[in-house]
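For reference, the structure discussed in these notes is given below.
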Amino acid sequence: MKLIFASSNVNKIREIEAVLPQNIILSGLKEIGITHEIPEPGTTIKENSFLKARFVWDFLKNDTNVSVFADDSGLEVEALNGAPGVYSARYAGEPKNDEANNIKLIQELKNSNNRNAHFITVITLILKGEVYYFEGEIKGSIALRPSGNSGFGYDPLFVPNGYTKTFAELGSEIKNSISHRAIAVKKMKEFLAGL
Ligand code: IMP
């Protein structure tokens, strides 16, 4: 089965390919000729996930022999009413900068005792023209200062519940076994394996 992943992030493509059933041939955006960023005009993570999958599905002229999926993720912080949420990548403005985002988050929470937060991922799969959603969530808290070198984004600040270290300190093996993205991918994998 041919599956197009609406991403040009080679690391993400390899990471997801490694966990999908072996009969699935995964291609990224480059392989189908999309070299620009797909617009994400939505106001929720779920909407952007859908819009990305839909963009590629339309690009492929709604060919029902091809299936497409897209993922969108973000960090929601309780004391900030769910911010940065859908704006996680560009929380501190353009251009996208992980370090600036982390500094802004620490600043926004400086007077807050409530450090609760969660990451969410929504995968949208368009298979034979039908739309399916797979969601993953991991709860945790925001550390007072960044620690660790692994990962990306808010990993140096996010301490998953049940752990005392940040994602960036825990490393990719632990992170990829418990993360929001891993949970959503696992749900899609189980769905595809049952077809
Ligand atoms: P994306 O939709 O996976 O590209 O995620 C959007 C933004 O959310 C990223 O640029 C990061 O700022 C943040 N984010 C999403 N997933 C993670 C994660 O696993 N660790 C840290 N930050 C993340």
Out of (1) surrounded by fewer than 14 Cβ atoms within 10 Å (Cβ to Cβ); (2) of a type in the set (A, V, I, L, M, F, W, C); (3) at pLDDT 95 or above; (4) not in a strand (DSSP E or B), the odd one out for ILE183 is which?
-> (1)
When restricted to PRO146, PRO156, PRO160, the only residue within 12 Å of the ligand (Cβ to nearest atom) and farther than 15 Å from PHE119 by Cβ is PRO146
Return yes when ALA53 is of a type in the set (Gly, Ala, Ser) and within 16 Å of the ligand (Cβ to nearest atom) and no when it is not.
-> yes
Filtered residues of region 88-121 (kept if near the ligand (Cβ under 9 Å from one of its atoms) and without any contact (Cβ under 8 Å) to a residue 24 or more places away in the chain) = ARG90, TYR91, LYS96
Are any of the residues in region 57-67 of a type in the set (Lys, Arg) and modelled with pLDDT under 95?
-> yes
May I ask you to verify whether THR124 is in contact (Cβ under 8 Å) with a residue 12 or more places away in the chain, among the β-branched types (Val, Ile, Thr) and under 17 Å from ARG181 (Cα atoms)?
-> yes
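The values are calculated or read from the model by the stated rules, or taken from the named source; none is laboratory data. What you are looking at is a predicted structure, and each value in this text was computed from that prediction instead of being measured. Cβ coordinates were reconstructed from backbone atoms using ideal geometry, including for glycine residues, and neighbour counts include every protein chain displayed.
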